[in-house]
Structure formats: structure tokens, C-alpha cells
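No value in this document is a laboratory result; all are computed from the given coordinates. All figures in this text were calculated on a predicted structure; none of them were measured in a lab. Note that each Cβ is placed from the backbone with ideal geometry, even for glycine, and that neighbours are counted across all protein chains shown.
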Amino acid sequence: MAQKVSSERIERDDGYLYYLGKDGYVWKTPMKMNTRGRKAKVGSEKISREDGFLYYIDGNGYVVRTKMNRGGRARGSGAKRKAASSRKPARKAMKSKKAKSSAKKRRR
């Protein structure tokens, strides 16, 4: 669940990408389809960042933060890996050349 960090609501325009800059202010930058737009500072509220959190602008226009997931998937006891390695190898779909030639001899 995300925590609301700012009290200032940001109104969005079409064709812009909104993000929290390194300086702590909200910025907007034009997307590729918007050729006439310019980068500009949008909010007047400065937000201090903490390590381990992801900051973004939510659907309502407020800056929120959520804890970052780090470390990838959880490691198990290895039971899954053991079960997979104990399987029989796949059978070959094609018979060997000797088997084919002996089958032809039997037909004659």
C-alpha cells in the first residue's frame, strides 16, 4: 500500500510524463508524440527522499511512496529442483537407422 507524501495535488496535461526529480520537485517532460512541449517544474512542494522507497505520482495527482521489492524470488529448500532432476530423460521421437533398416527387412 502506498503512503501519501505530498499535500499538493498535481493537474496533468496530455502528452507529458510526470516524475519526481533528484532535486525533490515534480517535473513534467514531453513524450515523443508531443514535439512542441518543454520540460518544466510543476509542483512547488519539495519532497525529501528516503532510501528503499519508490516515489511516483498516483492517479489522483499526489506524490506517493511504496517500499521497493529487492532480492528477486524467494529461495526454497531445493525440493522442486530435486524433483525436476529425478525425471526420466525424454524419449527420442525418431528411431535409429538400424531399427529402420531392420523394419524394412521384415516387411519384405
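Using a simple spin-label model with pseudo-atoms 7 Å out from Cα toward Cβ, Glu8 and Glu50 lie 2.1 nm apart. The ranking of Ile57, Ile10 from fewest to most other beta carbons within 10 Å of each one's beta carbon is Ile10, Ile57. Global dimensions of the stretch 8-78 from alpha-carbon coordinates: Rg and Dmax equal 15.9, 56 Å.
Among residues other than Val63 with Cβ under 12 Å from its Cβ, the summed charge is +2 (Lys and Arg +1, Asp and Glu -1).
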